Amino acid sequence: MSRFLGKQAAALTPYTPGEQPQDRRYIKLNTNECPYPPPPEAAKIIARQDAASYRLYPDPEASALKQKLADRYGVNADQVFVGNGSDEALAFAFFAFFDRGDTISFPDLGYGFYPVYADLCGLNANLIPLRDDYSINPADYLKAKSHILIANPNAPTGLWLEAGQVEDILKADPDRLVMIDEAYVDFAGEGVTSLPLLSRYENLLIIGTFSKSRSFAGLRLGYAISTPEIIAALERIKYSFNPYNVNSLTQVAAIASLEDEAYFRSTVGRVKATRDRVTDSLRGMGLRVLDSGANFVFASHPRLSGKDFYLALREKGILVRCFNHPRTLEFARISIGSDEDMDALLDAIKSF
Ligand SMILES: *Cc1c(COP(=O)(O)O)cnc(C)c1O
């Protein structure tokens, strides 16, 4: 490491993104990307862009996009924040709502970025254990004395809380901010999103992304929805950090995506149907598969550790992800790809 590295940076353990290998063609089932392209109109807009327009900075307010998102989610434009991926929206929330030494509570098994941001911001992470069946017990969060962050559905388990259970957590203490990361909510059933709670609770911050259900992982767009005051706090951090955080191509393409609701519903529906079919097949082959409200399944092979399962699939040209968390060493997370990709996965598993 550089001798110029500061003490704080030296102490960090950065997040490890899923592999994006360039050495050969893999069937990529390791980073929860959508197997289908963005909607045709968004694709056309991307193809038609005039390169000269990139001389100019994008609209720092992203006003047209925020208005579209507001219309889609039934809120006002001042209740919407947009970020360069939801990772950025999450990071800004950490900087906006915490001071060094504060505590934040989140599940002991969840999105790998939460502990990294906590570390970066000098926070104490209060890790609340999942139940033995890997579900979140909402009762454990009622008495937590800090702000709370939960991915719902959770990653990498795919299990979810119903909005009513989130409501119990919100209600328990209005002085705690409850951040719900809904990266996968479009793949969950009705009654999971916390959106309907927004009008009744001032301590709810919902974070979402276009990466998973809208095929925008490479374009980078995330958003947050909350009260105008909470959104203004995120904007405060953005204007202290990177005012042009969402590029102009992403802004126009995202508007086109929001305008094609039918395409959105159809791709999400296809992914869910494939997920349910693959879950049944894997269980039929003797794997343990947790119920999933997301575009991935968390599965364990009866004979192989998560790591060996991952390696055996990699050998066959299929990438999945395993995590070296002590509680989930038997598991691998498998993203839901196209039906063809998933059939290749099932064939590969049959072969060993
Ligand atoms: C993928 C993911 C995100 C981040 O996605 P972006 O690509 O940064 O929008 C956030 N939270 C969870 C739980 C995720 O799985």
Quick one: which residues, 5+ away or cross-chain, put their amide H under 5 Å from the amide H of THR103? H built at 1.01 Å from N.
-> ASN124
Could you run the Debye sum over the Cα atoms of the chain, one equal point scatterer each and no solvent, and tell me log10 of I(q)/I(0) at q = 0.10, 0.12, 0.13 Å⁻¹, two decimals?
-> -0.63, -0.92, -1.08
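Scanning the chain for helices, which whole DSSP H stretches are 20 Å or more long along the axis (Cα) and average -1.0 or more by Kyte-Doolittle?
Within the chain the helices that satisfy the rule are 261-284.
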Net lengthening on full extension, ASN126/ASP108 (0.36 nm per residue, minus Cα-Cα) = 5.6 nm
Could I have the simple spin-label model distance between LEU249 and ASP291, label points 7 Å from Cα toward Cβ, reported in nm to one decimal?
-> 4.1
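Share of segment 40-258's accessible area from carbon and sulfur, percent, 1.4 Å?
It is 52 percent, rounded to a whole number.
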Beta carbons within 10 angstrom, averaged per residue: use that to sort the peptides 209-219, 20-30, 62-72, highest first.
-> 209-219, 62-72, 20-30
Do you know the relative contact order of segment 12-101, to the nearest whole percent, from alpha carbon pairs under 8 angstrom that are 6+ apart?
-> 12
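Is the shape of segment 1-110 best called rounded, prolate or oblate, per the rule: a/c under 1.5 gives rounded, else a/b larger than b/c gives prolate, else oblate, with a ≥ b ≥ c the square roots of the Cα gyration tensor eigenvalues?
Because a/c hits 1.5 or more and a/b fails to exceed b/c, segment 1-110 counts as oblate.
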Residue-normalised accessible area of segment 40-258, given per residue in Å² at a 1.4 Å probe = 41
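Helix-only estimate, please: 222 nm mean residue ellipticity of the chain, summing -39500 (n - 2.57) across DSSP H runs of length 4 or more and dividing by its residues, to the nearest 500.
Rounded to the nearest 500, it is -11000 deg cm²/dmol.
Counting alpha carbon pairs within less than 8 Å and at least 6 residues apart, what relative contact order, in whole percent, applies to the chain? It would help to have the intermediate numbers written out before the result.
Numbers: 623 pairs, mean separation 81.5, N = 352.
Relative CO of the chain lands at 23 percent.
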Per DSSP, loop trypsin sites (Lys or Arg not before Pro) in segment 158-204 with at most 12 further Cβ within 10 Å | ARG200
Considering Cα pairs under 8 angstrom that are at least six residues apart, work out the relative contact order of segment 311-351 and quote it in whole percent.
-> 36
At each listed q (0.11, 0.16, 0.21 Å⁻¹), what is the log10 of I(q)/I(0) that the Debye formula gives for segment 163-291 modelled as equal alpha-carbon point scatterers?
-> -0.53, -0.99, -1.27
Would you mind calculating the gained length between ASN137 and ASP347 on full extension (0.36 nm times residue separation, minus the Cα-Cα distance), in nm to one decimal?
-> 72.0 nm
Sort 323-329, 342-348 for me by packing, meaning the mean count of neighbouring Cβ atoms within 10 Å per residue, highest on top.
-> 342-348, 323-329
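The values are calculated or read from the model by the stated rules, or taken from the named source; none is laboratory data. These figures come from a predicted structure and were not determined experimentally. Methodologically, a virtual Cβ is constructed for each residue, glycine included, from the backbone with ideal geometry; neighbour enumeration extends over all protein chains shown. Each accessible area value is taken on the protein alone, full model and side chains, heavy atoms only, with ligands, DNA and RNA left out. Shrake-Rupley method; radii C 1.70, N 1.55, O 1.52, S 1.80 Å.
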